[in-house]
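The values are calculated or read from the model by the stated rules, or taken from the named source; none is laboratory data. Keep in mind it's a predicted model, so treat the numbers as computed, not measured. Cβ atoms come from the backbone with ideal geometry, glycine included; neighbour counts cover every protein chain shown.
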Amino acid sequence: MTPFTTATGTGALLALDNVDTDQLIPARFMKRSRSEGYGQQLLHDLRFDAQGAERAGFPLNGRAEPPMVLVAGANFGCGSSREAAVYALVDHGIRVVVAKGFADIFGNNAQRNGLLTLTLAPEAHDRLAARIAAAPGAGITVDLAAQTLRCAGLAPVTFDIDPVAKRRLLLGLDEIAETLQDLAAIERHEAAARAARPWLTPRPVGTGTGTGPGAG
Amino acid sequence: MHDAATAGPRTLVEKIWDRHRVLHRDGADLLSVDRHLLHEGSHHAFDRLAAAGLRVRHPGLTFAVADHYAPSHPDRAGPAQAVMIDRLAANTARHGIDSFGLGDARRGIVHVAMPEQGLTLPGTLIVCGDSHTATHGAFGAFAFGIGASEVAHVLATQTLWQRPVPMMRIAVLGSLPRGTTAKDLALHIISRIGTGGATGHAVEYAGPAIAALSMEARMTLCNMTIEMGARSGIVPPDAVTFNWLAGRAMAPSGADWAAAVADWATLRSDPGARYGRAVTLDAAEVAPMVTWGTSPEHVAPVTAAVPATEPDALDYMGIAAGTPIEGLAVQRGFIGSCTNGRWSDLVAAAELLKGRRVAVPLLVSPGSEAIAAQAEATGLAGIFRAAGAEWGAPGCSLCVSMNGDRVAEGERCASTSNRNFRGRQGPGARTHLMSPAMVAAAALTGRITDARQLPRADLSEIAK
């Protein structure tokens with residue numbers, strides 16, 4: 001995973017609550033492999049009309065460069081667990097999403113792809129949103145180590161972040177490799193669990209009886 | 001909470017969590033996974049595994065099924081769907097994972113088929129790269145959806161890192177009125193607390209209205225818990241659970257069964273267990289619910305009018321504020337999905353459809369091959385066909401619209417699925433979520449209709 005230390009760019013305001021992952025990446029694009037990229041499909045049906053033309057006025061359209069920060073409302077990333085929603089944001093060039101709240105699974109997915117998800121104090125959020133609306137070209141710098149967000153024309157704001165997420169993002173850690181260092185502990189746990197509840201291990205196929213759905 | 005050193009009363013989820021804790025570090029727990037469920041969307045995770053040169057650590061605890069891309073009708077799917085299904089077959093074969101592919105009698109939607117096979121058991125920790133994994137909580141399992149990176153992590157380690165999860169208790173008193181279902185209850189709860197009302201929480205259901213629910217109704221309710229923003233929903237296991245599981249192909253049997261039930265019977269929250277949030281509702285207030293907008297929280301009883309609070313959503317839906325929900329013309333209906341594609345859902349719809357004809361196209365996609373086979377054997381499928389409905393093959397079908405099934409732009413669809421998001425059923429599609437009986441009623445009249453007003457056939461001979 002690409003480490004996140006600092007990022008600089010502009011912001012875009014998507015002033016909507018409940019931006020679901022079906023909006024972020026419509027299901028019909030999810031057959032793509034990771035290497036094909038998802039950036040062009042980000043928010044596809046909001047960005048483009050049925051003929052494939054850009055919708056004028058949509059915050060990601062008509063820009064010289066893609067934004068580095070996306071600012072949105074409450075419950076961002078709700079719905080389907082599809083990690084492609086994060087791929088679409090990252091591939092589009094977005095490094096930071098600032099929202100009034102994030103859906104649970106989306107936040108987990110973001111953290112594992114180097115996408116920083118921030119929730120600011122309500123007044124700070126509103127000031128940032130208003131500033132981006134008024135001056136879309138205003139420069140924004142996010143410093144993860146210092147936990148600060150600076151937007152030209154506004155006082156710097158600090159943000160909270162879970163220390164584990166911060167460390168993972170800063171170092172771009174490979175979580176699987178880290179966990180496998182604890183393989184001995186995992187094996188011990190599994191052996192104890194099997195001894196305590198041997199029936200938990202599924203029996204081989206074809207040894208059972210009824211498979212009917214039943215109405216119970 | 002969840003600190004191994006903490007004594008005192010625990011919730012059911014905390015007890016399951018404690019059973020699965022491998023180690024605690026930096027404020028997070030490494031939890032072992034009992035069942036890892038896969039579908040075609042797992043291709044990113046398999047790619048990641050291949051890139052790292054890793055193998056699947058416990059293929060015997062991993063089960064796959066083709067559902068998201070499985071066509072409900074062969075003519076509607078193309079080569080792209082076949083590629084996804086073949087990719088799952090190749091990935092699972094390479095790693096020795098039991099996979100229910102096309103043609104397998106065990107196949108179905110992952111959250112329907114895996115419980116049917118007896119793989120979903122009380123007290124287990126179950127994950128799947130699908131948000132509706134919350135469904136399995138109906139059995140007293142701690143079950144939740146994860147993303148592709150976490151799927152790769154579970155494939156490689158059979159574990160998952162989890163930060164402590166806040167607990168929420170939703171108690172439902174009284175009993176559901178005639179003509180209302182678990183779907184209506186779920187939408188009623190969402191109407192009260194919103195789609196962010198349980199964000200990140202492990203929801204535990206309690207109260208007499210919950211205990212009275214059938215196993216399938218509990219699955220519907222836990223399934224929709226994700227639409228409240230929750231990580232999981234759980235119903236404490238009881239005799240309803242045990243009776244449903246007895247004799248399932250991969251459930252414990254013989255002496256194992258007795259030992260398992262003895263263990264499961266202890267799976268209860270302790271008196272005095274603490275919840276960060278608690279909500280109490282009266283089931284008597286539940287009415288047949290219908291969504292009118294583009295979020296599950298845009299929902300009201302069928303007897304209500306559309307409010308003026310969400311102009312963007314109403315614009316997308318093509319509805320004026322103040323319009324009565326009942327009477328809205330629909331162009332098609334859909335019965336199926338991991339929310340409402342089970343046996344009792346189909347029976348509830350067939351009770352209205354028997355001996356009548358639909359006014360608009362109705363697609364029925366049973367939740368699994370087992371349900372489809374039972375419907376053929378009992379004549380239930382024939383009732384749908386005689387009513388003019390299309391009886392499709394099992395799969396995610398029109399709920400997820402990545403398998404060839406699609407609602408046309410601007411069309412209004414009465415649907416038993418779980419999400420009325422913009423474009424969920426196809427670009428420009430307008431989705432109204434409701435129960436199976438309500439979809440049957442809408443299909444019969446061509447309008448959103450209060451199913452309580454229509455006669456129902458007695459299908460008790462078929463349904464038993």
Top-ranked residue of segment A:93-107 - restricted to ones that are modelled with pLDDT of 95 or more and not in a loop (DSSP other than H, G, I, E, B), ranked as farthest from residue A:8 (Cα to Cα): A:105
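Do we have residue A:145 as touching a residue at least 24 places away in the same chain (Cβ under 8 Å) and surrounded by fewer than 12 Cβ atoms within 10 Å (Cβ to Cβ) here?
yes
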Of all residues making up segment B:32-60, the number that are in contact with a helix residue (DSSP H, G or I) (Cβ under 9 Å, 6 or more places away or on another chain) and closer than 24 Å to residue A:203 by Cβ: 14
Single residue of A:2, A:10 found to be surrounded by 18 or more Cβ atoms within 10 Å (Cβ to Cβ), out of contact with any strand residue (DSSP E or B) (no Cβ under 6 Å at 6 or more places or on another chain), within 23 Å of residue A:140 (Cα to Cα) and of a type in the set (Val, Ile, Thr): A:10
Residue list for segment B:307-336, filter: in a loop (DSSP other than H, G, I, E, B) and either out of contact with any His (no Cβ under 9 Å at 6 or more places or on another chain) or at positive phi (or both): B:308, B:318, B:319, B:320, B:321, B:322, B:323, B:326, B:327, B:331, B:336
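Considering each of B:89, B:66, B:93 in turn, give the residue that is of a type in the set (A, V, I, L, M) and either surrounded by 23 or more Cβ atoms within 10 Å (Cβ to Cβ) or within 23 Å of the chain's Cα centre (by Cα) (or both).
None of the other options fit; the residue is B:66.
Given the residues B:215, B:228, B:219, B:289, which is the only one that is crowded, with 20+ Cβ neighbours inside 10 Å and either touching a strand residue (DSSP E or B) at 6+ places or on another chain (Cβ under 6 Å) or of a type in the set (D, E, K, R) (or both)?
Being crowded, with 20+ Cβ neighbours inside 10 Å and either touching a strand residue (DSSP E or B) at 6+ places or on another chain (Cβ under 6 Å) or of a type in the set (D, E, K, R) (or both) holds for just one of B:215, B:228, B:219, B:289, which is B:289.
When you go through B:119, B:125, B:102, B:49 one by one, which is the residue that is aliphatic (A, V, I, L, M), closer than 27 Å to residue B:226 by Cα and more than 8 Å from chain A (Cβ to nearest Cβ)?
It is B:125.
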Segment A:166-216, subset buried (at least 18 other Cβ atoms within 10 Å of the Cβ), in contact with a Lys or Arg (Cβ under 9 Å, 6 or more places away or on another chain) and closer than 19 Å to residue B:161 by Cα, residue modelled with the lowest pLDDT: A:168
In segment A:77-95, residue nearest to the other protein chains (Cβ to nearest Cβ) [restricted to those that are closer than 20 Å to residue A:162 by Cα and within 9 Å of the chain's Cα centre (by Cα)]: A:86
All positions within segment B:1-24 that are of a type in the set (A, V, I, L, M, F, W, C), modelled with pLDDT of 95 or more and more than 14 Å from residue B:166 (Cβ to Cβ): B:12, B:16, B:22, B:23
Listing of helices (runs of 4 or more DSSP H) fully contained in segment B:181-297 that carry 2 or more residues being within 14 Å of chain A (Cβ to nearest Cβ) and within 19 Å of the chain's Cα centre (by Cα): B:182-193, B:215-224, B:239-245
Which listed residue, of B:411, B:390, is more than 23 Å from the chain's Cα centre (by Cα) and under 13 Å from residue B:334 (Cα atoms): B:411
Matching residues in segment B:13-46 - criterion: being within 7 Å of chain A (Cβ to nearest Cβ) and of a type in the set (S, T, N, Q): B:32
Qualifying residue in segment B:69-77 (condition: surrounded by fewer than 22 Cβ atoms within 10 Å (Cβ to Cβ) and among the acidic types (Asp, Glu)): yes
Among the residues listed as B:333, B:327, the single one being in contact with a Leu (Cβ under 7 Å, 6 or more places away or on another chain) and at pLDDT 95 or above: B:333
Test: residue in segment A:118-126 that is at pLDDT below 95 and in a helix (DSSP H, G or I): no
